[in-house]
Amino acid sequence: MSRMHVDQGTCLLCGVCLDSCPYDALAIKDEQLLFTEECRLCQACITACPQGAISLVQEIGAPQREEPAAGGGGVLVFVEQRHSRLQPVSFEMIGKGLELAQALRQPLACVLIGRQMRDQADELLWYGVDRVYCYDHPALKDYRVEPYTAAVCAVAAMMRPEIILVGATAVGRSLAPRVATRLRTGLTADCTSLHIDEQGQLVQTRPAFGGNVMASILTPHHRPQMATVRYKVMAAAQRQDRRRGEVINCKLADADLVSAVNVLETVRRTQTGSITEAEVIVAMGRGVASKQGLALVRQLARHLDGAVACSRPLVEQGLFTHMQQVGLSGRTVRPKLYIACGISGAVQHVAGMSGAETIVAINSDVNAPIFDVAHIAVVGDAYQVLPELLQLFDAKTTPADSLSEVDM
Ligand SMILES: Cc1cc2nc3c(=O)[nH]c(=O)nc-3n(C[C@H](O)[C@H](O)[C@H](O)COP(=O)(O)OP(=O)(O)OC[C@H]3O[C@@H](n4cnc5c(N)ncnc54)[C@H](O)[C@@H]3O)c2cc1C
């Protein structure tokens, strides 16, 4: 285990380190410089000390893992809000958090940060959460990494969780590494599966080497074990008929509310055509990457009231934006119906859509790997299959797309 060490003989008690410490973790008592429990080992004092009297020491032979405090531990979920609305990814984290907490026989807590969050904090208690740590302050309205990191770390210091889960969203991907660094622990990003092994450790599974292998990662020597998890990968927690648990209102010190980022304005992005929320997706691959293919795919999506998505090569060709790419380096989707047209089924693509309820694949190659995950396999030329499929829909609903409107 690491700890801070003061060479009391060298220390002049000048107080420079006291001013440098962001956690007020240093005190002078009985003419000695001491570290309090607030110390996070950030080492700012080492840099500041003009005498070189402070050092970080590693106790050789001692286990690096910090045991959770008696009665503490548990699983902590960072609940994301945007414009004061709880984000669906957080309910997926809570669903998984409940399962992990039950396996560990420990409580499940959430940390919720924002402005006027009281109702949302109460709402979380309907999902089986034992405690909600709620930071409610005008300065926390919008996500800013410094105060949010301070809040999550403060909760971690209070409850000493075994596990912290964060959604692998833009916010989560910014927040989690900072928290992990501050807590001096590891972080597994973009997990697709989490479970507790026989030793009570969190097994964090994620695709590695371009999705060719699934890596199972452990954090044996440090706590908490931290993971970010992709949206639409875990099953969301269900609202229960009984409310339980408690909300704990927390406050950050004024110094912790300060950020280098000033949010001047937030502009809502239109959700139209968002593939992560769509219940039906018609996805287009290189096999149908043509004007005609795009028109057919769009027309089918329109008939089914669905969204159009694509495989990566089509983004690389500039035909679609990254927001429409499904797969390992794109979005993970879980629609009710996923129709893959002219997509081979590379592991990197399948990683993003295998959770779909029903997968229909249209491919001219009977050996295409997409058929390994498809529930309905249509072997054939998509340029023949799609028009035939479209004919099955009521011809009156939408006139056929004009090919000339497609700019490729
Ligand atoms: C690190 C890394 C990350 C990646 N991330 C992603 C990702 O997020 N998403 C992603 O999609 N890819 C990703 N890829 C790329 C991935 O490996 C594949 O190259 C890609 O998915 C292939 O796209 P495709 O299936 O459209 O094209 P192809 O592999 O070229 O397949 C085209 C398919 O169309 C079929 N076909 C051809 N003509 C017709 C026709 N007329 N009718 C019906 N079928 C036809 C062919 O039989 C073939 O199976 C990633 C790769 C790497 C290395």
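The numbers here are math on the coordinates, done by the rules we state, and not lab data. Keep in mind that what you see is a predicted model, and the values were worked out from it rather than measured. All Cβ positions, glycine included, derive from the backbone under ideal geometry; neighbour counts span all protein chains shown.
Is there a pair in K232/K336; K29/K251; K141/K232 whose C-alpha atoms are over 19 Å apart, and which pairs would that be?
Values: K232/K336 12 Å; K29/K251 28 Å; K141/K232 25 Å.
Over 19 Å apart, Cα to Cα: K29/K251; K141/K232.
Residue separation times 0.36 nm, minus the C-alpha to C-alpha distance between E31 and Q201: what's the value?
56.9 nm
For H5 and A139 in one chain, what is 0.36 nm times their gap in residues minus the Cα-Cα distance, to one decimal in nm?
Fully extending the segment from H5 to A139 adds 44.7 nm.
Distance between Cα centroids, the stretch 249-265 to the stretch 119-197: provide it in whole Å.
Centre-to-centre distance over Cα atoms comes out at 16 Å.
Using a basic spin-label model with each label point 7 Å from the Cα along Cα→Cβ, how many nm lie between A235 and D372?
Reported label-point gap for A235 and D372 is 2.5 nm.
Could you rank the peptides 259-268, 123-132 by their average count of other C-beta atoms within 10 Å per residue, with the highest value first?
Descending packing order for the listed peptides: 123-132, 259-268.
Out of the DSSP beta bridges found with both residues in the chain, what percent are antiparallel (nearest 5)?
Values: 20 of 67 bridges.
Looking only at bridges with both residues in the chain, the antiparallel portion is about 30 percent.
How big is the dipole moment of the chain about its Cα centre under a simple scheme where the beta carbon of each Lys and Arg is +1, that of each Asp and Glu is -1, and everything else is neutral? Debye, nearest 20, please.
Working: 38 positive and 42 negative charges, 81 e Å.
It works out to roughly 380 debye.
Work from the charge dipole of the stretch 75-257 (Cβ charges, +1 for Lys and Arg, -1 for Asp and Glu, about the Cα centre) and give the residue of L257, V77, G95 farthest towards its positive end.
The one lying farthest along the dipole's positive direction is L257.
Among L18, I46, Q8, flag the residue with its Cα farthest along the positive direction of the charge dipole of the stretch 2-58, charges on Cβ as +1 for Lys/Arg and -1 for Asp/Glu.
I46
Nearest 5 percent is fine: what portion of the DSSP beta bridges confined to the stretch 75-257 is antiparallel?
30 percent
Quick one: length gained pulling A255 to R82 fully straight, 0.36 nm per residue minus the C-alpha distance?
59.9 nm
With a point put 7 Å past each Cα toward its Cβ, work out how far E38 is from D24 in nm, to one decimal.
Inter-label distance under the simple model: 0.4 nm.
Quick one: if you stick a label point 7 Å off each Cα along the C-beta vector at R115 and R268, how many nm between them?
1.6 nm
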